[in-house]
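To start, the structure itself, in structure tokens.
Just so you know, all these numbers are worked out from the coordinates, no wet-lab data involved. Values in this document were obtained by computation on a predicted structure and should not be read as measured data. Methodologically, a virtual Cβ is constructed for each residue, glycine included, from the backbone with ideal geometry; neighbour enumeration extends over all protein chains shown.
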Amino acid sequence: MKAKLQLYNTLSRKKEEFEPINPPRVGMYVCGPTVYGDPHLGHARPAITFDLLFRYLKAEGYKVRYVRNITDVGHLEHDADEGEDKIAKKARLEQLEPMEVAHYYTERYRSAMAQLNVQSPSIEPHASGHIIEQIEFIKKILESGDAYESNGSVYFDVEHYNARHHYGVLSGRNLDDIVTDTRELDGQSDKRHSYDFALWKKASPEHIMRWPSPWSDGFPGWHMECSAMSTKYLGERFDIHGGGMDLMFPHHECEIAQSSSALGHDSAKYWVHNNMITINGRKMGKSLGNFITLEELFNGTHPLLEQAYSPMTVRFFILQAHYRSTLDFSNDALKAAEKGLDRLMKGIEALGKAKPADKSTVSADELDARCEEAMADDLNSAAVISVLFDYVRIFNQLVEGQQSATAEELAKLKAVVERWAFEILGLRDEKAASAGGKDMVSPLVEMLLSMRMKAKADKDWATSDRIRDELTAIGIRVKDRKDGCDWEIE
Ligand code: ZN
């Protein structure tokens, strides 16, 4: 029997059996990037976490509509209420169309995600392309009495809402805590209370990203786009809403409040949050000098990096931790991930070399069941990887004859391993891909090695060593065995 997926729901604070509202369809909404600035390490973890969930659900036979938005308007880091939009500001200063700025960074983000083997979502809606939907949503909130207009802007009335609902239900706070925690950032704000948040903001004269609305020429508050776009593409009730833990408050809390006010209920059945990445135990931040972009990581150009780390090393590093645990980035941890990935890929390669036998001491079904059980336990990719490592040992034993498998079992093992390592974990054999020419190179290397064998037989050590050293220099490692030698591209 197949293991049933148990998913941790942030809202109920416990693991729940995953039951889609309308099987086999699954609707999943994940808060995507603000397309301002180069994609960085912090983007990699949510993207890979929800890519894993997307891939796993599809592999389990669900028809998944995965919506991940592009925030290209109305968002200044974590405060949509104050000041000028960063995209708009850059566009104004450099005389660009705001859409030029947003497009540039969207492309950078997509390219980094492709390198990490993160699949494209089903829909990637832009906030700036859904102004009408956002205005309609705001009207509904005004109708419910949970918002007020003030000087051309519209704010969510948290206190009014909290009288009927619980503002803070997701992050486990109550309004009193929130009142104490919220500082008044701007004395001349049009808000009644510091914790009220903007649904619509009147644009100041220099603000170039603006749209007409019943209240003013302006732009929507950041939280609004996710409520409006998730409802448009997934309906009033959908299965999964995801994002990083840092978005839980205020962003997701505000989304819940907006939806509950306009629709009468929260939209998402399961709220899923990935934990954050720290760098040498500290939060990543520009002021701390530990802000690493993905490009720097792939090229090894940041001062904190001892070497370059390939996209698959980064992906494997992230998958080796459960998505809800903290993950500390360090050179040592990344190097360990690089070695681990290499060991896994070599194990898979070894399986391809195993010769069929009359009977099997290894079971592909058992491997599949163990991976399934691990993944069904709240997406425990770390446990799946450790099962795969158990089998790497077995695959090597198959090659060396300590274990055996029939031709049929070998084919099944290969299919199961490929399903878990490549299809679901989304790993890629980078060395095989970059050495795509190995088949062309092979005859040449084999020829050189046979010349080396002859030199050795003639006790011409100088020639034998020279061939080995020259091959090593171009990245081909020669390993001597009793009855000849093996080689691989490093
Ligand atoms: Zn969002």
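Annotations for the structure displayed:
- Rg/Rh ratio calculated on Cα atoms of the stretch 315-451 (Kirkwood radius): 1.02
- Angle between the chain longest axis and helix 407-418 axis [Cα atoms, degrees, rounded to 10]: 40 degrees
- The residue among 352, 340, 362 whose Cα reaches farthest toward the positive pole of the charge dipole of the stretch 340-384, with charges on the beta-carbon of Lys, Arg, Asp and Glu, is 352.
- Reachable aspartates and glutamates, given that their alpha-carbon falls under 19 Å from the alpha-carbon of residue 86 and they are not under 8 places away in the same chain: 38, 72, 77, 94, 97, 100, 107, 186, 206, 217, 225
- Cα long-axis angle, helix 222-234 against the chain (0 to 90 degrees, to the nearest 10): 70 degrees
- Taking 0.36 nm per residue of separation and subtracting the current Cα-Cα distance, fully stretching the chain between residue 456 and residue 94 would add 123.6 nm.
- Projecting label points 7 angstrom from Cα along Cα→Cβ for residue 430 and residue 361 puts them 3.5 nm apart.
- Excluding same-chain neighbours fewer than eight residues apart, the lysines reachable from residue 339 by a Cα-Cα span under 17 Å are 431.
- Based on the Stokes-Einstein relation at 10 °C and a viscosity of 1.306 mPa s, and on the Kirkwood radius from alpha carbon pairs, the stretch 88-131 is assigned a translational diffusion coefficient of 133 µm²/s.
- Nearby lysines by direct alpha-carbon distance to residue 58 (threshold 23 angstrom, same-chain neighbours under 8 apart not counted): 2, 4, 15, 232, 269, 412, 414
- Separation of the residue 486 and residue 415 label points, Cα + 7 Å toward Cβ, nm: 2.8 nm
- Shape metrics for the stretch 199-255, restricted to C-alpha atoms - Rg then Dmax, Å: 13.8, 41
- Added length on full extension, which subtracts the Cα-Cα distance from 0.36 nm per residue, residue 306 to residue 283: 6.3 nm
- Shown here is the pair-distance distribution of the stretch 271-320: with all Cα-Cα distances grouped in 5 Å bins from zero up to the longest one, the shares run 5, 19, 23, 29, 16, 6, 2, 0 percent.
- Distance from the stretch 13-57 to the stretch 439-468 (C-alpha centre basis), Å: 51 Å
- Taking 0.36 nm per residue of separation and subtracting the Cα-Cα distance, full extension of the segment from residue 208 to residue 276 would add 21.1 nm.
- Which of 449, 46, 150, positive extreme of dipole for the chain (C-beta unit charges): 449
- Taking the three principal axes of the alpha carbon atoms in the stretch 189-338, the coordinate ranges are 56, 40, 28 Å, sorted in descending order.
- Extending 7 Å from the Cα toward the beta-carbon at both residue 166 and residue 333 defines two label points whose distance is 3.3 nm.
- Test item: Cα-centred dipole of the chain, Lys/Arg +1 and Asp/Glu -1 on Cβ, debye: 1380 debye
- Share, in percent, of DSSP beta bridges within the chain that are antiparallel, nearest 5: 55 percent
- From the C-alpha gyration tensor of the chain, square roots of 5λ in Å: 52, 27, 18
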